[in-house]
Amino acid sequence: MILSAAMMLDWLGERHGLRQCVEAAALLERAVDQAFASGKIVTPEFGGKDGTAAVTRAVIEALGAK
C-alpha cells in the first residue's frame, strides 16, 4: 500500500508538474527499500513473521532518518 501511494504521488507529480509529489514518492520508495534492506523486518511471504504494523513502523523510522 505504501508503494501504491508512492506510485500515485509520482503519477500526480508527473501529470501536473508537481516536483514535490515526485520527490515525496522517491522518499517513500527509498524508505521502503531501506526498511527491508536493514534486515529488521521479514514479512511472511519471505519466511518471516512481521506484519503490516511492523513494516509501517520500519518505514516511518526510515523516513525519520532522512
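None of the figures in this text is laboratory data; all of them are computed from the coordinates on show. Worth saying up front: this structure is predicted, and the values here are computed from it rather than measured. Note: ideal-geometry Cβ built from the backbone for every residue, glycine included; neighbour counts use all protein chains shown.
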Compute the signed sum of charges (Lys and Arg +1, Asp and Glu -1) over the other residues within less than 15 Å, Cβ to Cβ, of residue 48.
+1
Starting from the 7 Å offset along Cα-to-Cβ, what nm value, one decimal, do you get for the label separation of residue 45 and residue 11?
1.9 nm
Let me spell out the model: positive unit charges on the Cβ of Lys and Arg, negative unit charges on the Cβ of Asp and Glu, origin at the Cα centre of the chain. What dipole size does that give, in debye rounded to 20?
140 debye
Over every pair of different alpha-carbon atoms in the chain, take the mean of 1/r and invert it; report that Kirkwood radius in Å.
12.3 Å
Find out how many positive minus negative residues lie around residue 7, taking Lys and Arg as positive, Asp and Glu as negative, among other residues whose Cβ is under 11 Å from that of residue 7.
-3
Simple SL model, points at 7 angstrom along Cα→Cβ for residue 18 and residue 65; separation in nm is 2.8 nm
